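The values are calculated or read from the model by the stated rules, or taken from the named source; none is laboratory data. Predicted model only: the values in this text are computed from it and were never measured. Note that we place each Cβ from the backbone using ideal geometry, even for glycine, and neighbour counts take in every protein chain shown.
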Amino acid sequence: MRLRAENLGWSARGVPIVRGVGLEVAAGETLGLIGPNGSGKSTLLRLLSGVLKPEAGEVLLGGEPLARMSRRQVARRLAVVEQQAETADRITVRDAVELGRTPWLSALRPWSAADDAIVAEALAVVEMSGLAERDWATLSGGERQRAHIARALAQRPRILLLDEPTNHLDIHHQLSILRLVAELPVTTVIALHDLNQAMGCDRLGVMHHGRLVALGAPGEVLTTELLRDVFGVRASFLTDPADGARIIRFHAVS
Ligand SMILES: Nc1ncnc2c1ncn2[C@@H]1O[C@H](COP(=O)(O)OP(=O)(O)OP(=O)(O)O)[C@@H](O)[C@H]1O
């Protein structure tokens, strides 16, 4: 499902945080959102998900204005994995992932074996099946992160918004989550700090002081000039002899 933002703006106590952001993500595309700390990535994701209401502009899901949809209608289309998202204690991992099915349940459509299968599959793809009966409170940071991703997958969204989903994850789980996201036939916007990992996205959007200052293919966007001007680092580009992929090495600007 296509996701479109038109001229989005939002401010906090009169200070502009997101300014004039317009973008379109095609059905099935993965857009990486990068930018320095405080550049507005999380705020933009919260505007795209409807958690925050834009002061200017609008968000369209499959051509329909998000602002005119009920929470349930939005939740059937779009799932979010927020940074440091919390879930109430005294529930198991399975309970937390089952919450992802809520938008699809009703008196006429009670919980069924199909929901059990969707939850089991979501737990399996993030390698959490073995921890399904564990109390949420006992999980490590990385296990919580993977359980949040499983909850979002159980929602069976057509649009997935992820805010630094590889935070807390060891390298094996970082790579498996990124590969999973890239392979999902779902429109995805993913905020990332690791610019080498961001190179794996279909396109990248670069946030700087609340504005989207670049949008395009990773190889076109991540130039020496942009890395200097936006991130304040000097970059050198290497080639991985294993597969010819481009790797960026970063150096502090003295
Ligand atoms: N509710 C709020 N009230 C005041 N300031 C806010 C609010 N929400 C965000 N900000 C400020 O807006 C700026 C952008 O924040 P945001 O979390 O969107 O950045 P980010 O690019 O996701 O940063 P990071 O990479 O550090 O996660 C920051 O300076 C933040 O302090």
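Checked against the criterion of being closer than 18 Å to residue 181 by Cβ and either over 16 Å from the mean Cα position of the chain (by Cα) or among the aromatic types (Phe, Trp, Tyr) (or both), the candidates 124, 154 yield just one match: 124. I need a count of the residues in the range 150-177 that are in contact with a helix residue (DSSP H, G or I) (Cβ under 8 Å, 6 or more places away or on another chain), under 18 Å from residue 46 (Cβ atoms) and either outside the structural domain of residue 195 (by TED's automatic domain parsing) or not in a strand (DSSP E or B) (or both). Of the residues in that region, 6 qualify. Screening 47, 66 for residues that are under 29 Å from residue 105 (Cβ atoms), within 13 Å of the ligand (Cβ to nearest atom) and crowded, with 17+ Cβ neighbours inside 10 Å leaves exactly one candidate, 47.
For the range 207-236, residues that are assigned by TED's automatic domain parsing to the domain that holds residue 195 and part of a strand (DSSP E or B) total 8.
Of all the listed residues (182, 198, 235, 217), the sole one being out of contact with any Asp or Glu (no Cβ under 7 Å at 6 or more places or on another chain), hydrophobic (A, V, I, L, M, F, W, C) and at pLDDT below 95 is 182. Of all the numbered requirements in (1) on the phi > 0 side of the Ramachandran plot; (2) buried (at least 21 other Cβ atoms within 10 Å of the Cβ), residue 165 misses one, and that requirement is (1).
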